[in-house]
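The values are calculated or read from the model by the stated rules, or taken from the named source; none is laboratory data. Given the structure is predicted, the values throughout are model-derived calculations rather than measurements. So basically every Cβ, Gly included, is an ideal-geometry build from the backbone, and we count neighbours across all protein chains shown.
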Amino acid sequence: MESSNKHFPHPSKLIPQAHPFLFVDEILDASENSLHGVYTWREDEYFLKGHFPGNPVVPGVILCEMLLQCGALWMSLQQGKDGKEVKEGKEGKLGIKNGTPVVTRMSEAKFKQIVRPGDKSEGHVQLLEKMGDVAFLRGKILVQQKVAITLEFAVALIDRDAGNSL
């Protein structure tokens with residue numbers, strides 16, 4: 001991955017997700033076609049209370065969400081790089097000023113390792129293709145340098161005022 005060698009804003013400044021549904025603590029690196037973020041799963045995560053009590057496991061859907069958030073963060077950092085005018089953001093957010101990032105497709109999800117509270121997960125997303133305001137990405141989460149999940153997905157930037165249809 002080509003590093004941009006710069007400091008990145010906190011993820012909560014770049015995408016709409018917030019605590020307790022923000023699953024990227026920090027962006028470690030990003031380039032024009034990839035992003036590397038990290039999150040450490042805490043013992044008190046709300047979704048662990050009833051998910052395998054006594055033997056907590058981070059739900060696969062939450063791991064997918066971490067990768068989707070990495071994709072949205074990547075899109076946020078790309079704002080304005082395509083020559084399009086960047087509109088003023090809402091709610092004090094620095095990125096995703098021209099719309100809301102929403103997932104439009106997920107496929108090829110493969111779960112290869114159990115993730116537990118205390119695990120530090122490294123999310124890596126790589127751009128496969130970009131068509132207008134839609135990015136097709138491949139992601140993986142590593143825990144202790146072992147692949148825990150792989151996923152292909154698409155994220156579209158939807159105009160906030162366009163209604164609910166994709």
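Residues of the stretch 116-139 that are more than 17 Å from the chain's Cα centre (by Cα) and modelled with pLDDT of 95 or more: 116, 117, 118, 119.
Of the residues making up the stretch 113-154, those that are closer than 25 Å to residue 48 by Cβ, without any contact (Cβ under 8 Å) to a residue 60 or more places away in the chain and in a loop (DSSP other than H, G, I, E, B) number 4.
Taken over the stretch 27-67, the criterion of being part of a loop (DSSP other than H, G, I, E, B) and charged (D, E, K, R) is satisfied by 32, 42, 43, 44, 45, 49.
What number of residues within the stretch 36-45 are surrounded by fewer than 10 Cβ atoms within 10 Å (Cβ to Cβ) and touching a residue at least 12 places away in the same chain (Cβ under 8 Å)? Break it down stepwise before answering.
Applying the first criterion (surrounded by fewer than 10 Cβ atoms within 10 Å (Cβ to Cβ)) to the stretch 36-45 yields 43-44.
Remaining after also requiring touching a residue at least 12 places away in the same chain (Cβ under 8 Å): 43.
Count: 1.
Condition check for residue 42 on (1) farther than 25 Å from residue 108 by Cα; (2) in contact with a strand residue (DSSP E or B) (Cβ under 7 Å, 6 or more places away or on another chain): one failure, at (2).
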